[in-house]
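So the structure is just underneath, and the comments pick up after that.
Bear in mind these aren't lab numbers, they're just calculated from the coordinates by the rules spelled out. What you see is a predicted model; the values in this text were computed from it and never measured. Please note: Cβ atoms are built from the backbone with ideal geometry, for glycine as well, and neighbour counts cover all protein chains shown.
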Amino acid sequence: MLRKSLLYMSLFLYCLFYGGFANSQASRDYISIVGSSTVYPFTTVAAERYGRSTNFKTPKVESTGSGGGLKLFCGGIGAQHPDITNSSRAIKDSEIRLCAENGISEIIEVKIGYDGIVLSNSLEAKSFNLTLKEIFLALAKNIPDASGKIISNPYQKWNEINPKLPDQAIEIMGPPPTSGTRDAFVELAMEGGCKAFSSIRDLKNSNGDRYKSICHGIREDGAFIEAGENDNLIIQKLETNPNALGIFGYSFLDQNNDKVKGTLVDSVEPTFENIAEGSYPISRPLYFYVKKAHVGVIPGLKEFLREFTSERAWGEDGYLSDRGLIPMPDEERFMVGEAVNSLTAM
Amino acid sequence: MKLETLFLFLIALSIISYYIAMRRAIMSVDSQQSISKLHSMPTYHGYYAVICSFVPPMIIIFLWLVFEQRVISTLLISNFSNIKVLSQGEINLFLTNVQNTLYSNLFSQDGTRFQSEIQQATIILKSYQSISRIILSVFAIAVSIIGIITVHRKINQNYRARNKFENAVSKLLMTSSLVAIFTTIGIVLSVLFESFRFFNEVSFWDFIFGTEWSPQTALRDDQVGSSGSFGILPLFVGTILITIIAMLVAGPIGLMTAIYLGQYASPRFRNIAKPLLEVLAGIPTVVYGFFAALTLAPFLRTWGESVGLNVASESALAAGMVMGIMIIPLISSLSDDAINAVPIAMSEGALGLGSTESEVIKKVVLPAALPGIVGGFLLAISRAIGETMIVVMAAGLSANLTVNPLEAVTTVTVQIVTLLVGDQEFDSAKTLAAFALGLVLFIVTLGLNVFGLYIVRKYREQYE
Amino acid sequence: MSKKNLSLSTQQKVRKSLSSRYKKETLFQYFGLSSLSVGIIFLVIFFYSVLSQGFSAFTQTYISLKVDFSDNLVVKNNKIDSIDSNFDAIIRSALRERFPEVNNRRDRRELYKLISIGAVYQLIDHLDMSPGDVGSREILSFPTSSDVDMYVKGNIDRKLDESKRTISNNQMMWIDELVEKGEIKMKFNSALFSNGDSREPELAGIYSALKGSFLMLFITLIVSFPVGIAAAIYLEEFAPKNKISDLIEVNINNLAAVPSIVFGLLGLAVFINWFGIPRSSPLVGGLVLSLLTLPVIIISSRAAITAIPPSIKEAALGVGASHMQVVAHHILPLAFPGMLTGAIIGMSRALGESAPLLMIGMVAFIVDIPSVITDPSSALPVQIYLWADSPERAFAERTSAAIIILLGFLLTMNLLAIYLRKKFERKW
C-alpha cells in the first residue's frame, strides 16, 4: 500500500512538473485583449478572421467590462499586461493618469463605429412610439410637475404620461448601473428628454449637480427592473412578458427580429440605416485602445490593427457590420484608419 | 539537463537508495534469522532513505525555479548599460522581446528599439539558462546523494528509522492541513485592504444597519447617482429569504431521501437512485440559473396570475426553489453519512423491542445522528448563502426590503458580481463595496460555522 | 390518561395502537419515496428540456458543390501558395455555376452567404491533403452558414415578413431547391467536437473549452485530493485537541462556505499578481478550483474516517501497530471509498464552477486549442455562459449541446466513481 502510494505520488509530481514548469515562460506570443462586453462580439469576429488568415496565433479576447478592462490595461507594460482594451465609452482623464503613472505614456485610440441602444418589446405587444421626453418621464426618479416643482415620479401607467400611449403598467427591463450601455442610455435618452423641460435646462448652468441628479436618476420603485447584463435573458423575458419593454444594444435586436421589435424613438425606427445616418437619437461610439509600446514586441499586433481597420472588416459591407456594428462615415473611417496604421498616439 | 530528465534521475536515485538502505539494515544484524533484532523493519529504513534523498532536492528545485527567472533577468539586464537605466515597464518589454525571440522565433522587425541588444541578449539568455540548469542539476543530485550517504551511515540495529519516517510523514500531513489556514489568510488579505478603503468613504454603521441599498450612486466624477446609500440590510434579508426557501425545499426532501435510500430502498434501487441524485449536484449553476429564470419563473408567474397573486418575474421563490433542488444531494449525502455512522446495533436493538422501522428512525437513529445532520444542514446553508450564478440570473438586482417570497429580492453575492464585473471605474466606492460585502459574507459564514461546530461538539456522542 | 386505558394490559395497548403505527409507517415510507421522486422528476424534466433543445446541434447542414480546381490557384514549387490563391473565388464560382440565373450583384451577395466562411479553410485543408486534385473538378460538401442551418432545421418561421427573417425570400427559394434535390444534407456536426470557439456558430466547437476543463480538473485532482486526504487524516488521527486544531477545523468548515467568487479574488491577488502565473491559464484556474474543492474533500474524508468503528483501530493498536501503521494499513484503505465520494462531489462542483473563473480571466474568446497548462484556455461552463450570451440564434442550440456534453462528461466521471465505490463499499 505504502510503496504503491509513494509510486503514484511521484508520478503525480512528475506530471505537475512536466506540465507546469518545464514549459512555463514569461513571454507571450499571442495578443491579449480585454474590456467591454459590448465591443466583445465585434473584436472576437475580427480576432478569429485574423487568426485564421495569418500565421499568428488567434488573439485571446476577454470580456471584463470597460472599467475592469482599462484597469488591467493600465496596469503596466510587459507581457503580463494586456495589449488592447475594448471600451464602450471614451477613456477618462483619471484612467489616462493611471496609465501614465504605470509607465504607459502612449495609447492609440481606435474608434471602431457606433452602436444603437434600443427599447424593444415582444412582437405580440403593441408597438410604441415614444419621444425622449416620454422616456424620461417613464424612467426618471424625480420629474418636474406642471409648475416646475420637482416631485417624485407619480406615473405608473403609460397612458398617464400621454393619453395616446396604451393603458398598461410601465415595466422596463434594463442593464444595471455598472454597465456601459446603461451609462450611454442615461446620457443620451434620459438627459435628452430631460432637457425638454426649460426649467431643468436652466438648472444646468446654475446648479450642475442638481441638474445631473434629476436627469440621470432612474426610478427605484419597481417600474424599472435591473435585469443583469445578459441581453439574451432580457429578450427571453420580454417574450414571456408582453407588457414589458427592454433596453439593449442594436445588435441583439438585429439578431432577434422574429421575437422582439424596436420601439420608435421620436418616430424614428431603430434600423441599421437610421442609426448609421444619425437620425436615430440613441447611439454611442465604440472604441478600443492599444499600447503603442507593445507594437513590435507582441507578434502580430500591427497586423491585427490592419485587419480590424481594413475595409472588409469595418467598412460599409464589412463583416463587422453583419454583426450589427454601425460603421462610421467613409471620411471618418479613413481618418481613423490612417491614424491607427501610422501608430499615432493620443 | 532538462527538468524532466533531472526529475526522472532523482526518482531513480531514490529507488536505489531504498534498496541500499534496506540491504544495509539487513546486513547490520548478524544473520537472516535474527532480523527481528532490528528496531525497525528493513522497509522503513528504505522509506526513510527515500525521503532523505528525494525531499531536499525537490525543495531546492522548487525554490530555484521560483527565483531563477528573476535572477537571470537581473543578470541579463546588468550586461546592457543603456537598458539598465530604463523604467521597469520598458525593461519588462525588452525581456519579453528577448524571450519571444528565443522561444518562438516570432521576432517582429519593425518598430522595435534596441535590435542589436535584443540579438545579443538572446544569446546571453540562452547560455545563462543552460548554466542555471547545469548548476541546478549538479546541486540537486549532490544533495540527494548526500542524503543517501548520511542515512546510510546512520543505519544500524538500533536506528529508529520507523519513528523518523513516521515523524516526517506526520509533518507532511500537518502541512497539508495548514493549507486551509493559508487559504483563509490569503482571502482575508485580499479583501481586507479594499474594505478598509471603503470604510474610509462610507461609515461602517451606515453600511451594517442602513436599510437602503442603492448602488445607483455611480461614484464616478461625471456620472450622477440618485441616493448614495450602502445599507446592506436589504441584501441580507434577501439572501436569508432565498436561503430559507432553499432549505425548506432541500432540508426535508434531502433528509427524507437519505432515510429512504438508507433504510427502505432495496440495494438495487439505491444503486440506481443515489447516483442519479448526485447528478443534481453536478449540474452547473449557470444551467440552474437559466432553468430558474426561463422555465420556473415564468411558470410561477402564470400560476400566480391564475390564482390572483402578483408574482414578480424574478421572484425569490423561483431562485430559492431551484437552489433547493441543487442542494438536495449535498444534504442527502451528508445526512446519509451521519445516519450510516450510527451503529447498526442501536437500531437493531430498537427493532428487537418491537418498534416499527419509522419509529426506529425517528426515535433512535435521527437523534443519534443529529449532530452530523445539523452539520450537513449548516454546510448547505452556507452553500446557499454563497451561491452566485443562480441568483444572478433568477433573483434580479432590485434591493427590496421584504420577506414576501413572491417579490424580487437581491442577494449579497449578486451585488458582488455586478459591482465587480461591470463597466465602471475601479477604485470607486462602488467596487470597494464589493470587497466590503465579501468581507461581511466571510465573517457571517465564519460565525455560522463556529456555531455549527459548537453544536456538533456539545451534542456529539461516541458509540461503542 | 383515562381510567379505561389504564385497565388494559400492555399487550392490548400495543395491539390497539398497532394499526395506527403501521399506517404511520407506510406514510413515512411514502413520504420518503415522494421526496426522492421530487429530485428524480426534476432531473427528468431538466434532461428532457436540455436534450430536446440541444439535440439538433449535433447535426449540421452541408451543401454539395462541384468545385473547379483549375482556376484561381497559384502553384509554386509544387505547393499551393495559400496567399496568392483566391479560395473565395473558387467557392463563389461554384455557387454561380450552380445557380446561373442569379445575375445582379445584390442577389449574388445573398447567394454567397449560403455558405459558411469556414468553407475556405476546408478547401485549404483539402488541397493540403490531396494536392493531386489541382486542375480537376471535385464534388465536395461544405458547411452552410448558420442561418441556413437554422432554416433547414425549422427554427426560422418562413411565414414571417422578409425583413424580420435572417433569410431572404431568394435564399429560401434556393435552399428549398437544394434540399429537394438532395444537395443540402444533414451530417454529423464534427466541428462541435474538434474546433475551438468561434463566432461563426457552424464553426464553433467545444474542444478548446473541454481541454481547458480537463487540464484544470487534472490540476485540481492532483493538488486537492492528496492534500485533502492528508489534512483529513491529520485532523482526525494526529491533531492534538488544542486551539490550533480548533482553528484549522473552523477554518476548513468556513472555507467550504466561502462564496466561490471570493476564491476568484484570491486567485487574482495571489496566483496572478503575486506569483505571476499567466491569466486565463488552466494552471491558475486549476489552483483556484483546488482551493475551492479542498474543504469539500477534507470534510467528506473526515466523515469517512469517523465512520470506521474505533474497535478496528483499537484492535490494531492492541497488537502493537504504531499509530501511523494503523492509519496506513487500516484507516486509509477502509475510508478510501468514502473519500472518493467526497472527491467526486468536490470535482463535480469544480467542473461546473464558473463564478471564480470570471475573476481570473477565463471568460475569454479562445480559438486555439490549449496544449500545456500555461496556455490561455476557457472552461466548459464558461463556454456555456459565453454562448448563452451570444446574439446569433444558432448558438442557442449549441449552448444546450454544450450542456449535454458537460453532463455527459460528469456522468462518465460519476459512473467511474460509483464503480470504484461499489467495489469497496462495506457496512459495519
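Numerical summary
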read-out: Axial C-alpha extent at least 20 Å, average Kyte-Doolittle at least 1.0 - helices from chain B (DSSP); value: B:3-28, B:42-78, B:233-259, B:316-340, B:366-386, B:429-459
read-out: Vicinal HN-Hα couplings computed from phi for the range A:313-328 (Karplus, 6.51 cos²θ - 1.76 cosθ + 1.60; Hz; Gly/Pro x); value: 8, 9, x, 3, 10, x, 6, 6, 5, 4, 8, x, 6, 8, x, 6
read-out: Chain A: antiparallel DSSP beta bridges as a percent of all, rounded to 5; value: 70 percent
read-out: Helical segments meeting 15 Å axial Cα length and Kyte-Doolittle 1.0 threshold in chain C (DSSP H); value: C:207-233, C:282-306, C:332-352, C:394-424
read-out: Residues A:C74, A:C99, sorted so that the one with the fewest Cβ neighbours within 10 Å comes first; value: A:C99, A:C74
read-out: Over the range B:229-463, volume per residue of the alpha carbon convex hull, in Å³; value: 144 Å³
read-out: Translational D in µm²/s for the range C:59-196 (Stokes-Einstein at 10 °C, 1.306 mPa s, Kirkwood Rh from C-alpha pairs); value: 99 µm²/s
read-out: Amide H within-cut-off set for C:I115, under 5 Å, with H built and near neighbours excluded; value: C:S145
read-out: Phi to ³J(HN,Hα) by Karplus 6.51 cos²θ - 1.76 cosθ + 1.60 over the range A:247-263, Hz, x for Gly, Pro; value: 10, 7, x, 4, 4, 6, 5, 4, 7, 10, 3, 8, 10, 10, 10, x, 7
read-out: Relative compactness, the range B:3-193, computed as alpha-carbon Rg over 2.2 N^0.38 Å; value: 1.50
read-out: Translational D in µm²/s for the range A:116-284 (Stokes-Einstein at 10 °C, 1.306 mPa s, Kirkwood Rh from C-alpha pairs); value: 99 µm²/s
read-out: Net +/- balance of residues flanking B:V409 in space, Cβ distance below 13 Å, scoring K and R +1, D and E -1; value: -3
read-out: Debye-sum result for the range B:1-105 in log10 I(q)/I(0), which assumes one identical scatterer on each alpha carbon, at q = 0.17 Å⁻¹; value: -0.87
read-out: Helix A:231-240 axis, angle to chain A major axis (alpha carbon atoms, nearest 10°); value: 40 degrees
read-out: With eigenvalues of the C-alpha gyration tensor scaled by 5 and rooted, chain B, Å; value: 52, 43, 20
read-out: In Hz, Karplus ³J(HN,Hα) per residue of the range A:303-310 (6.51, -1.76, 1.60; θ = phi - 60°; x = Gly, Pro); value: 5, 5, 4, 5, 5, 5, 8, 7
read-out: log10 of Debye I(q)/I(0), alpha-carbon scatterers only, for the protein assembly as shown at 0.08 Å⁻¹; value: -1.01
read-out: Sequence-distant residues sharing a close amide H with A:N142 (under 5 Å, placed H); value: A:N153
read-out: Residue mean of other protein chain beta carbons inside 10 Å, C:411-424; value: 2
read-out: B:F198, C:F47, A:F73, C:F69 arranged by Cβ crowding within 10 Å, fewest neighbours leading; value: C:F47, C:F69, B:F198, A:F73
read-out: 20 Å-binned pair-distance histogram of chain A (Cα, whole percent); value: 27, 48, 20, 4, 0
read-out: Built amide H within the under 5 Å cut-off of A:K157, gap 5+; value: A:I170
read-out: Environment charge at C:L235 (Cβ cut-off 12 Å; Lys +1, Arg +1, Asp -1, Glu -1); value: -2
read-out: Sorted by Cβ density within 10 Å, fewest first, the residues C:L386, B:L75, B:L6; value: B:L75, B:L6, C:L386
read-out: For the range C:186-344, convex hull of alpha carbons as volume per residue, Å³; value: 158 Å³
